[in-house]
Structures are given as structure tokens and as C-alpha cells.
1. Could you pull out the residue among A:101, A:154 that is surrounded by fewer than 17 Cβ atoms within 10 Å (Cβ to Cβ), farther than 30 Å from residue A:373 by Cβ and aromatic (Phe, Trp, Tyr)?
2. Exactly one condition in (1) touching a helix residue (DSSP H, G or I) at 6+ places or on another chain (Cβ under 9 Å); (2) closer than 30 Å to residue A:178 by Cβ is false for residue A:335; which is it?
3. Would you pick out the residues in the stretch A:195-207 that are assigned to a helix (DSSP H, G or I), more than 7 Å from every other protein chain (Cβ to nearest Cβ), in contact with an Asp or Glu (Cβ under 9 Å, 6 or more places away or on another chain) and surrounded by 23 or more Cβ atoms within 10 Å (Cβ to Cβ)?
4. Please verify whether residue A:374 is of a type in the set (D, E, K, R) and modelled with pLDDT of 90 or more, treating the condition exactly as stated.
5. So which residues in the stretch A:272-298 are more than 7 Å from chain B (Cβ to nearest Cβ), surrounded by fewer than 18 Cβ atoms within 10 Å (Cβ to Cβ) and not β-branched (Val, Ile, Thr)?
6. Please specify each residue of the stretch A:358-376 satisfying the condition of being under 17 Å from residue A:245 (Cα atoms) and surrounded by 24 or more Cβ atoms within 10 Å (Cβ to Cβ).
7. Anything in the stretch A:184-194 that is more than 8 Å from every other protein chain (Cβ to nearest Cβ) and crowded, with 24+ Cβ neighbours inside 10 Å? List them, or say none.
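The values are calculated or read from the model by the stated rules, or taken from the named source; none is laboratory data. Only a predicted model underlies this, so the values are computations on that prediction, with no experimental measurement involved. Every residue, glycine among them, receives a Cβ derived from its backbone with ideal geometry; neighbour counts consider all protein chains shown.
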Amino acid sequence: MNLKQILISLLFAMIALTSMSEASSHDTAPITEEVSTEKQTYESKTIGELAGSWWQTTGLNALFDVNDGEMTSEPKGAAYEREMTWFESSLGRIIMILIVFILFYLAIAKNFEPLLLIPIAFGGLLANIPLAGMGGEGGMLGIIYNMGIANEFFPLLIFMGVGAMTDFGPLLANPKTAILGGAAQFGIFGALVGAVIIGFDIQDASAISIIGGADGPTSIFIANRLAPDMLGAIAVAAYSYMALVPVIQPPIMRALTTKEERVIVMKTTRKVHRLEKLIFPIVVLMLALLLLPESAPLIGAFAFGNFAKESGVVDRLSDTMQNSLINIVTIFLGLGVGSKLAADKFLVLETMGIMVIGLIAFSVGTAAGVLMAKVMNKYSDEPINPLIGAAGVSAVPMSARVVSKVGSEEKPGNVLLMHAMGPNVAGVIGSAVAAGVLLSIFK
Amino acid sequence: MADEVNYVVEAFKFMLLGMGVVFLFLIILVKVVEIQAKLIAKYFPEDTSKIPAAKAGKIADEEQQKVAAIIAAVTEFRNNKS
């Protein structure tokens, strides 16, 4: 109800603004006359008409004219376009541009995942330019979107790069910690229940719940299959929470553990045989093949990247995957996802729901990981610091770093990074498996 | 209303299945990795010693290069002197 009141008051504000802009348009018209007469003296139009037609093409007019019948831009083509509402074509865009500036601020001043936020936010800025149709079938963002997001190609390339960057050494040295990567997936399914209770369709709810894994590429992959309309909001939510890992996780970690638990020092990890690392991606892929072929695209790309790295004979390829390729794809993926920040797609009520459920999912995942680690610590003969459970969400390597940071704050010199990397990489596998399960349900 | 309740139950079923499969996958993975580690330790134990050996070889190489460089410098120095 409150939202409605706000909307109505905004509506009145807009009406006031439009009438003001109408008035100011008459003031500015004479200034522009000279420019347009010089260029187009041979047109048989009066000066007034010229100024009017120029005014029609300005962004100002598009932003402030409430009934200009502008169409939304859809990468699928003109057939899917619809007329924008007054809110989408005017105030909505202004709000979105302000949101984009906040994202810029977070990325630049606060250093929250700038590699993701800068391309996404800039894509959002471009998508909200009136009349340009950047997100349409022929627009730059639309082309990028069709090239790799609508067909799920970019997320797979990202997974390949992440695979090539991941060192499974810590996981292989202490395999038991992989279970923590499973516990954190509880966030995904908890959010699924929550989203259904709130009133989302069960298929949409499944797509949203993947945010709980804090895994951008997987979220995009699933959203594309299950709820393409919500892709923008889901991707933005997933990437925002990946960026906000250092803010969201520590309070949850501290709340669920005691001081004694947080200062536990873990045994140094054993040395891992090179052959173990080499075979590991194949083992994971074989398991995926046997248990869950639905997850094959994600796990396959991941395993390929990792295998190329561990084989040790194709350094050029693995270098490309973990540097140039992933950088290029990140640029495109960011801009493509950003195109979904267009006001007509992002400023819908569902977005709020998605952001809230995503946050709950992510928090529940963190909490489940920590609680599981507490249980493991009780029943295991080797001490396990429960903090590493928080790394079970698949935001690699952010959450492992956060765990390490919290750990060393509690006890200087206690470096948990390597121990946290185990659950962290297991979390990637875990959320890919969870994604496969959800896909298999809706197949 | 009845439909809604139904969906929530459905969601719980998804949760059961999903968490089950995730844990099954990871537990099998852990077991396989543990067995794999044991097998590799048993049948390829010499490989761990190979890595330091390779490093030692590299060091020896570097030493030789250093020696060569020193000899070259010394001869150069002597030649200039005479």
C-alpha cells in the first residue's frame, strides 16, 4: 500500500516536472534555431517546425514527454516490443541512472567487485538512453545479449576460466571439507521454499533461488533456462551479493560461532600429488556424467579449464582461459547483463522480491555452511574452524578471503585461506550440481 | 489456497531431492578422492621426489651457467689486462 502512495506522489511530481519542462522548451527553442537553420536552410520547413522536430529527438523530450509512445528494446526483435508506460520512459530511467551511479560509486570508491560492477553498471547506463534502442535487436547491447547470454554461452566460458584458475590442491588435501560446500547449497533450496511462499511461480522461484549459491554464471545459466524474463534482476542480484560478500558474511559468521571456535588453528594441509590434481577434474566430470548429465555444460566447462591447467602441457591455452578469454567474456557478459537494467525490465515489483529472496538465500547458505562446520568440528578428530563453513558458498575466492580475514582478526597469524579454499571450490561444484537438479526437475 | 500449499510442499520436495543429490555427489567425490589419494601414494610414490629432483636439476643448470659466466668474465678481464 505504501508503495502505491509513493508511486502516486511520484506521478504528481512528474506531472509538475513535465509542465515545467514544456515551459522551458519554449525558452530554449530560439537558441537552437540558429544551428538548425544553418544546416538545413533548403528544407521547406519553418523554423518552428525544425526546432520542434529537433526537440522530438532529444533525450529531454523522451524523458519528460509522458505519452510519446516509445517502444521497449528487446533483443529478441521488434515483435516482442511493447509501448513503454509513462513511468518506464521517464522517471524510471532517471531512477535507474541514479542506481547506476550508486553502482559506480560502490565499484570505484568501495572497490566492490569492480570487474563485474563497472561493465554491468555501464551497460545499465547505455540501456537507459532514451530512443537509442541500445538493448534492441540491432543495438550494441542487444547484439551482445544475443551473442552469448540468450544462448548461455558466456557463463560457460566464465566457468572454463574459473576452472583454469582454480587450484583443487586444498580440497584434495582435506577432502572432508568439501561437504561444507554442500551444506551451503541449503541456501538455494531454502530460498526456493521462501520464494514459493511469497508467491512466485515454482519455476521462477527455482531460478531465483540459485542466487543463494552466490554464483553469477550459474545464476545466469539457470535464469536463462527457467525464467528468462527475470534474467536481469537475477543476474544483478547474484553479482551484487558476490560483490557484497565482505559485508554480508562476517556478521553471520560471528553470530553463529563462539570466540573459542573462531580461534581454532587448523593443521597445515598435506602436500598433494600432481597426479591427484590431474585426475580430479576427470573424476568430477565422470560423477556428473553418471549422476547428473543436466549439469554437464557447467561442470564440463569447469573441468576442461581445470584439466588444461593441471595437464601442465598447454600453459598457453590455460593462460588464455584464465586471463584474456575470461576478461573478454567478462566485458561482454557485464554489458549484456547491464542491458537488463533498463527501467522497463528492472523497475518491476518482482525485482524487489528477487533482491530480498536473494539476500536471504545467501545468508542462509552462509549460516548453513557455518553450522555444518560446527557439527563437523565436534565429531571430527582433527580440529575444524567453523568459520571455513562460510566459504561453502561458491563466490570464489571472495568468501575464502573473507573467512581468512575474519580468522586472522580473531587470532593474528591464524591463516585460514587454504583451508577455506577447499569448501569454496566444493561450493562451485555444489551449486553446479544444485543447478543441474533444478534443471532436471523442469526438463 | 489449496494450490499454494501444494507448491510449498513441492518446494520442500525439491529441497529434499536437491540437498540429497548435492550431498550424495560430494560424499562420493570425497570418497573417490580419498581412495585416489591412497592409490596414488601407493603406486606412484616416486613422483613426489621427482619434483624436488627437477628443481635440483634446474638449480644445477643455473649453477653451471653462473660458472660459465664467471669464467667468461675472468678470461675477458685477463685478456684486457695483458
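1. A:101
2. Among (1) touching a helix residue (DSSP H, G or I) at 6+ places or on another chain (Cβ under 9 Å); (2) closer than 30 Å to residue A:178 by Cβ, the lone unmet condition for residue A:335 is (2).
3. A:195
4. yes
5. Correct list: A:278, A:286, A:289, A:290, A:293, A:296.
6. A:358, A:361, A:362, A:365, A:366, A:368, A:369, A:370
7. If the condition is that a residue be more than 8 Å from every other protein chain (Cβ to nearest Cβ) and crowded, with 24+ Cβ neighbours inside 10 Å, then A:184, A:187, A:191 are the ones that fit.
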